[in-house]
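The values are calculated or read from the model by the stated rules, or taken from the named source; none is laboratory data. Small disclaimer: the values here were computed from a predicted structure and weren't measured. FYI the Cβ positions are ideal-geometry reconstructions off the backbone, even for glycines, and counts take in every protein chain you see.
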Amino acid sequence: MAVRKTKFGSFVVGEMPEGCRLCVRGAKLVLFLTGLCRLSCFYCPLSSLRRGKDVVYANERPIRSSRELLEEAELMDALGTGITGGDPSLRFRRLLRYLRVLKEELGPGHHVHLYCTELSRERLRRLKEEGLDEIRFHAWSPEPVRRAVEVGLNTGVELPSLPGSFRTLTRLLKDLEEVGCSFVNLNELEFSETNSQELRRRGFRLKSDTSVAVKGSEELALRVLEWASENTELDLHYCPSRLKDGVQLRNRLKRRARRVARPYEALTPEGLLVKGVITGIPRERLEGERRRLRRKYGIPPELISVNGRRGRLETSPEIAEELSEVEEGLRFFWVESYPTFEGMEVTVIPLPLRSSAGRER
Ligand code: SF4
């Protein structure tokens, strides 16, 4: 088996795992089941908002119920779900409940993969019965894998590609092959807000000024893939940092943007939404002002609406630009935002364009 570059920019020996296949297309919902974990890996990338906290997120949305989980799956038209953490096995009842809901409501074909550190045979059996499609252990030993394989689960291992770990990884691959592991997914090691001090202390450095990836991580992964292509039958996949941000996240944003875009919002190639925003109107007059603008300029009703939460009117970028030329007393902007639950706004440009310079925040 030779090492191949995939069309997504990752590298593979054998087949790409099914969970990764849907993930790179942006078709997997990310269900963060808990920030709790019994390990404390020095490279753990979890943010301080999530690490050690028993919180649940569906993509970027904090959730409290199955209904909210399903809403988020619907909004991004998810074809599958990756359940992650922390260690989801530490909230086993919650894990079973959400797995059951996903399979019952979205159908048995909704592909679910789970990340965890270790599970008893009994719990693995329960997950198998509930229809879990794939399990991935964050483990440097074959033991947890052996149990999952015995139970009949499609089992893999997912680890960061740590520079200097060639011998450890290749030995592990041999052991994993022996216990019947199906695949290994190596991730490019990345600096995060929470692990950067420890990574630096251990001598790891940034790959470049424009990347959070660790120098040498990709080279190590490719050496391991080369070795594996000649020495094992395992499927091996290497997921570079640029794939996660540049391809996977963008694809997921685009999927959600297509579903949540209002008729007046335009979709950018990066999966962001652009709209026109009108401010400078007291909250109690928003609806009246909307009616006045509609009547005066013949704006179709679906192209202008009141956003009560943000206390403003919203319309298309083109209409906002035109109105900004003639409507004195109101303020107009182009606003670019993420199509996520919070809808974080990343660019705000005052209108009309001829008298303003772009401003980023
Ligand atoms: S197993 Fe995962 S969540 Fe737990 S400490 Fe290690 S990297 Fe962090």
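Does E122 count as surrounded by fewer than 20 Cβ atoms within 10 Å (Cβ to Cβ), in the same structural domain as I63 (by TED's automatic domain parsing) and closer than 18 Å to A78 by Cβ?
Here the answer is no, as E122 does not meet what is asked.
Pairs under 8 Å by beta carbon, first residue more than 13 Å from the ligand (Cβ to nearest atom) in region 128-141, partner of a type in the set (S, T, N, Q) and assigned to a loop (DSSP other than H, G, I, E, B), six or more apart or different chains?
Listed pairs, sorted by first residue: D133/N154; E134/N154; I135/N154.
Using the structure shown, decide if V13 is away from the ligand (no atom under 16 Å from the Cβ), surrounded by fewer than 21 Cβ atoms within 10 Å (Cβ to Cβ) and either of a type in the set (A, V, I, L, M, F, W, C) or within 30 Å of N231 (Cα to Cα) (or both).
So V13 does not fit the description; no.
Of all residues being in a loop (DSSP other than H, G, I, E, B) and either without any contact (Cβ under 8 Å) to a residue 24 or more places away in the chain or touching a helix residue (DSSP H, G or I) at 6+ places or on another chain (Cβ under 6 Å) (or both) in region 60-86, which is nearest to the ligand (Cβ to nearest atom)? Just the residue, please.
I63
Which condition breaks for L127 when tested against (1) surrounded by 22 or more Cβ atoms within 10 Å (Cβ to Cβ); (2) out of contact with any helix residue (DSSP H, G or I) (no Cβ under 6 Å at 6 or more places or on another chain); (3) not in a helix (DSSP H, G or I)?
Failed condition: (3).
Report, by residue number, each residue of region 112-124 that is part of a helix (DSSP H, G or I) and either within 21 Å of E18 (Cβ to Cβ) or within 16 Å of the ligand (Cβ to nearest atom) (or both).
L124, the sole residue that qualifies.
Sort out which residues of region 93-111 are in contact (Cβ under 8 Å) with a residue 24 or more places away in the chain and either of a type in the set (K, R) or within 16 Å of the ligand (Cβ to nearest atom) (or both), and write them in order of number.
R94, L95, R97, R100, K103
For region 260-287, name all the residues that are part of a helix (DSSP H, G or I) and either surrounded by 12 or more Cβ atoms within 10 Å (Cβ to Cβ) or assigned by TED's automatic domain parsing to the domain that holds G26 (or both).
V260, L286, E287
With the checklist (1) within 15 Å of W334 (Cα to Cα); (2) among the basic types (K, R); (3) at pLDDT below 95 in hand, flag the one item R255 doesn't pass.
The single condition R255 does not satisfy is (1).
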